[in-house]
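Input: a single structure, listed below in structure tokens.
The values are calculated or read from the model by the stated rules, or taken from the named source; none is laboratory data. The shown structure was predicted, so the numbers you read here are calculated from the model rather than taken from an experiment. Don't worry about glycine lacking a Cβ; one is built from the backbone with ideal geometry, like all the others, and counts go over all protein chains shown.
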Amino acid sequence: MNIKRVSAVYFSPTGTTQKTVMAMAEGIGLPFRKFDMTLPAGRRTFNEQFGEEDLVIVGLPVYVGRIPMCLDDLYTRLTGHSTQAIAVVVYGNREYNDALIELKMELESRGFIVRSAAVFVGENTGSAKIATGRPDAADLAIARDFAKRTIELIRGDVFGRLEVNGNCPFTWPGYDPKIPTDRVLPLLVTSENCIDCKICSKNCPWTAIDADDSKNRDRSKCMLCYRCVRNCPSQAVEVTGDKWLAYLPEFERMCARRCEPELFFPY
């Protein structure tokens, strides 16, 4: 099979998924286009048609064991027509649970043929002490080699059954801020250090921060992606919550081991 066009499609609030997917796109060895679906404007204007001679790498982060909810404006626009695809999820060194199988099923339901799949690790959004600096150089080298092996399979018309880890029906709930949960979660609050630069509101993936008042956050939309925490020039977005701060040391100990990428090929 001859692939004539490669596209990298990713949603990446803190940049780890983007780094992983871009390394894969580079590893294929063909010119590629990139589509950053992190901001609502990018998703609204996304109107690409993918066909049989396309290869699309789709990368998403993992939130509470699932791919991000509240992204219908991305999922409904992502359509293939017997299009070759690579499914990639990136998690914060805890567990990825049902996220990879969910992404694979989502792509297959939208006209993509998932030829390979992978799980990579990114620095945990909740603590920079977990998976610090990942994906690192070793991860990115694996990502490039994984993509190279995938394009060789496609060019050689090597088909087979692709199985990935995860459960269906899904056993993990994911995270929807509109639904009450018993999970211990952080609380993000904008302090008086705010200089009203609007970087957080302009760059919120879910428009959860008021465009006129950055201290006003719609918690029914906030997915706790930490993009505002990482991007704030005055460090005004504080991570609070008594239960979360008390739990954080245990969480860091629980996730201290180094998890490695997992690669899935057809057999």
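When restricted to residues that are among the aliphatic types (A, V, I, L, M) and either buried (at least 16 other Cβ atoms within 10 Å of the Cβ) or over 16 Å from Thr125 (Cβ atoms) (or both), segment 173-184 contains 1. Among the residues of segment 233-267, the ones that are in contact with a Cys (Cβ under 7 Å, 6 or more places away or on another chain) and within 24 Å of Met69 (Cα to Cα) come to 1 in all.
Within segment 235-267, the set of residues being of a type in the set (Gly, Ala, Ser) and exposed (fewer than 13 other Cβ atoms within 10 Å of the Cβ) comprises Ala246, Ala256. Answer yes or no: is there a residue in segment 165-176 that is within 26 Å of Asp72 (Cβ to Cβ), without any contact (Cβ under 8 Å) to a residue 60 or more places away in the chain and assigned to a loop (DSSP other than H, G, I, E, B). Checking segment 165-176: at least one residue is within 26 Å of Asp72 (Cβ to Cβ), without any contact (Cβ under 8 Å) to a residue 60 or more places away in the chain and assigned to a loop (DSSP other than H, G, I, E, B). Scanning segment 203-234 for residues that are buried (at least 18 other Cβ atoms within 10 Å of the Cβ) and either modelled with pLDDT under 95 or not in a loop (DSSP other than H, G, I, E, B) (or both) yields Ile209, Ser214, Arg217, Arg227, Cys228, Val229.
Provide a single number: the residues in segment 1-23 that are crowded, with 20+ Cβ neighbours inside 10 Å and within 29 Å of Cys232 (Cα to Cα). Walk me through how you get there before you give the answer.
Applying the first criterion (crowded, with 20+ Cβ neighbours inside 10 Å) to segment 1-23 yields 6, 8-14, 16-23.
If we keep only those that are within 29 Å of Cys232 (Cα to Cα) as well, we get 8-14, 16-23.
So the answer is 15.
Checked against the criteria, Gly65 counts as surrounded by fewer than 24 Cβ atoms within 10 Å (Cβ to Cβ) and at pLDDT 95 or above. The C-beta contact set for segment 133-154 (first residue hydroxyl-bearing (Ser, Thr, Tyr), second residue surrounded by 14 or more Cβ atoms within 10 Å (Cβ to Cβ), distance under 8 angstrom, 6+ apart or interchain) comprises Thr150/Ile28; Thr150/Ile86; Thr150/Arg115; Thr150/Ser116; Thr150/Phe265.
Does Cys200 satisfy being within 16 Å of Pro13 (Cα to Cα), not in a helix (DSSP H, G or I) and not β-branched (Val, Ile, Thr)? For Cys200, the condition - within 16 Å of Pro13 (Cα to Cα), not in a helix (DSSP H, G or I) and not β-branched (Val, Ile, Thr) - is not met.
Candidates are the residues of segment 68-97 that are in a loop (DSSP other than H, G, I, E, B) and out of contact with any Phe, Trp or Tyr (no Cβ under 9 Å at 6 or more places or on another chain); the one that is nearest to Gly122 (Cα to Cα) is Gly92. On the basis of being acidic (Asp, Glu) and closer than 21 Å to Val184 by Cβ, does Glu252 make the cut? Taking the combined requirement at face value, the residue satisfies it. Taking the criterion of being in a loop (DSSP other than H, G, I, E, B), more than 20 Å from Cys228 (Cα to Cα) and free of Cβ contacts under 8 Å to residues at least 12 places away in the same chain, the only residue of segment 98-132 that qualifies is Ser109. The one condition from (1) of a type outside the set (Phe, Trp, Tyr); (2) over 25 Å from Asp36 (Cβ atoms); (3) in a strand (DSSP E or B) that Leu188 does not meet is (2).
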